[in-house]
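Please find one structure pasted underneath; my questions will follow.
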Amino acid sequence: MLLTGQRVLLIGGKGGVGKTTVSSALAVLASQRGQKVLLVSTDPAHSLADAFGRAPIGDRIARLAPNLDGLELDPDREVEQHLAKVSAQLKRFTRPEMFAEIERQMRLTRQSPGAQEAAMLERIAQTIELGLSDYDLLIFDTAPTGHTLRLLSLPEAMAAWTQGLLQANQRAQKLGDVLDHLTPKAGRDLDNPLGDPKEHATAGMDERSKAITETLLARQRLLQRTREVLLDHKLTALLFVLTPEKLPILETARAVTSLQQEKLPLAGLVVNRVLPDSADGDFLAKRREQEQQHLAHIASEFAKLPRYQLPLQATDIQGLEALQQMSALLTEAGF
């Protein structure tokens, strides 16, 4: 049901547990079942192209297989495009002699903490909104804990910023009206700038404030719509990939706790690289003994979540044929 009922699937997990391989195999499986799928990588160290054994995909949608497209979001590119828009908007309302200072501020902002993440979060939101109109299923190869929690909290932050700007503008407008009223020969009474609660949020603003506020409002509304999608159990599901090892188990436990507190639709765990029964030898016997302890820990720690086990493969999984074989294992695991 995850591949036919949901519209957005977020695949997360600790680095090195096979997240990209599982995401790619799930995308192949969904496309084989007739779904039109967009597979999106938000990891700066993109490996979708490696998984499919093809040339780099990049920031434009590329066909990976029948019914399956891929997209790699580039954080650096997102920052550049984001700051270019901001710079262009600022220059609309600034004298030419200030352009050099604007460019300097943009260079500083480019290196500031959170610049990449802010740009990426907005692009993820845009990708979800546009992708839902063109595809049956969106699969994000990402570590969703931080991204998802920030996407959930950003609408409130945007609302606070936007409301602060509106209130500041209203206070300035009211002060201006008072001064106009006290000016000799002004000849008009003080108007209430909040008299009509149905009035558009930017009504009465100067062009600069109006442009900035409308930009903030548009971003706030986009993030709010994304939040509604992510919290909708009928549309979205989160899957964590982990291996039966101590550190991935601990990290997954922390992530699951955080996401459950936000009431996000956790759909289960993919336990990857479990030793197959056919693996033999004294070394592997000891390894299997330890692995069984970790699998028991996973079963106890995540008892309320569905779990899907995938066996360790003898060779690297690379190329469409290998991913198709992996998709068959996913079907056996219960997908």
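The values are calculated or read from the model by the stated rules, or taken from the named source; none is laboratory data. If you're wondering where the values come from, they're calculated on a predicted model, not measured in any experiment. No Cβ is skipped: glycine too gets one built from the backbone with ideal geometry, and neighbour counts run over all protein chains shown.
Of all residues in region 252-262, which are surrounded by fewer than 19 Cβ atoms within 10 Å (Cβ to Cβ) and either of a type outside the set (Ser, Thr, Tyr) or within 14 Å of residue 300 (Cα to Cα) (or both)? Show your work before the answer.
Just the residues of region 252-262 that are surrounded by fewer than 19 Cβ atoms within 10 Å (Cβ to Cβ), to begin with: 253-254, 257-258, 260-262.
Result: 253, 254, 260, 261, 262.
So which residues in region 50-67 are out of contact with any Leu (no Cβ under 9 Å at 6 or more places or on another chain) and not in a loop (DSSP other than H, G, I, E, B), if there are any at all?
50, 63
Moving on. Of the residues that sit in region 263-278 and are under 23 Å from the mean Cα position of the chain (by Cα) and not in a strand (DSSP E or B), which one is surrounded by the most Cβ atoms within 10 Å (Cβ to Cβ)?
For region 263-278, the residue satisfying everything is 264.
Among the listed residues 328, 279, which satisfies the condition of being among the aliphatic types (A, V, I, L, M) and at pLDDT 90 or above?
Result of the check over 328, 279: 328.
Next up: Among the residues of region 292-299, is there at least one that is under 32 Å from the mean Cα position of the chain (by Cα), modelled with pLDDT of 95 or more and not aliphatic (A, V, I, L, M)?
Yes, region 292-299 has at least one match.
With touching a strand residue (DSSP E or B) at 6+ places or on another chain (Cβ under 7 Å) and not in a helix (DSSP H, G or I) as the only criterion, which of 131, 70 stands out?
Sole residue among the options that is touching a strand residue (DSSP E or B) at 6+ places or on another chain (Cβ under 7 Å) and not in a helix (DSSP H, G or I): 70.
Please tell me if residue 307 is free of Cβ contacts under 8 Å to residues at least 40 places away in the same chain, surrounded by 11 or more Cβ atoms within 10 Å (Cβ to Cβ) and more than 16 Å from residue 248 (Cα to Cα).
Working: free of Cβ contacts under 8 Å to residues at least 40 places away in the same chain: yes; surrounded by 11 or more Cβ atoms within 10 Å (Cβ to Cβ): yes; more than 16 Å from residue 248 (Cα to Cα): no.
Judged against the criteria, residue 307 is not a match.
Okay, next question. Here are some residues: 296, 237. Which one is of a type outside the set (Phe, Trp, Tyr), over 18 Å from residue 17 (Cα atoms) and in contact with a Gly (Cβ under 9 Å, 6 or more places away or on another chain)?
Result: 237 is the single residue among 296, 237 that is of a type outside the set (Phe, Trp, Tyr), over 18 Å from residue 17 (Cα atoms) and in contact with a Gly (Cβ under 9 Å, 6 or more places away or on another chain).
Also, quick follow-up: Can you pull out the residues in region 310-335 that are within 15 Å of residue 274 (Cα to Cα), in contact (Cβ under 8 Å) with a residue 12 or more places away in the chain and part of a helix (DSSP H, G or I)?
Hits for region 310-335 are 326, 329, 330, 333.
Residue 31 - would you say it is over 21 Å from the mean Cα position of the chain (by Cα) and crowded, with 22+ Cβ neighbours inside 10 Å? Break it down into steps so the answer makes sense when it comes.
On the way: over 21 Å from the mean Cα position of the chain (by Cα): yes; crowded, with 22+ Cβ neighbours inside 10 Å: yes.
Here the answer is yes, as residue 31 does meet what is asked.
Pick from 87, 24: which is touching a residue at least 12 places away in the same chain (Cβ under 8 Å), in a helix (DSSP H, G or I) and under 24 Å from residue 335 (Cα atoms)? Explain how you work it out, then say what you get.
Numbers: 87 fails: under 24 Å from residue 335 (Cα atoms).
Every option except 24 fails the conditions.
Where residues in region 1-19 are aliphatic (A, V, I, L, M) and more than 15 Å from residue 259 (Cβ to Cβ), which of them is modelled with the highest pLDDT?
17
Any idea how many residues of region 34-46 are buried (at least 16 other Cβ atoms within 10 Å of the Cβ) and either touching a Phe, Trp or Tyr at 6+ places or on another chain (Cβ under 7 Å) or assigned to a loop (DSSP other than H, G, I, E, B) (or both)?
Step one: filter region 34-46 for residues buried (at least 16 other Cβ atoms within 10 Å of the Cβ), giving 35, 37-43, 46.
Those left that are additionally either touching a Phe, Trp or Tyr at 6+ places or on another chain (Cβ under 7 Å) or assigned to a loop (DSSP other than H, G, I, E, B) (or both): 35, 37-38, 40, 42-43, 46.
So the answer is 7.
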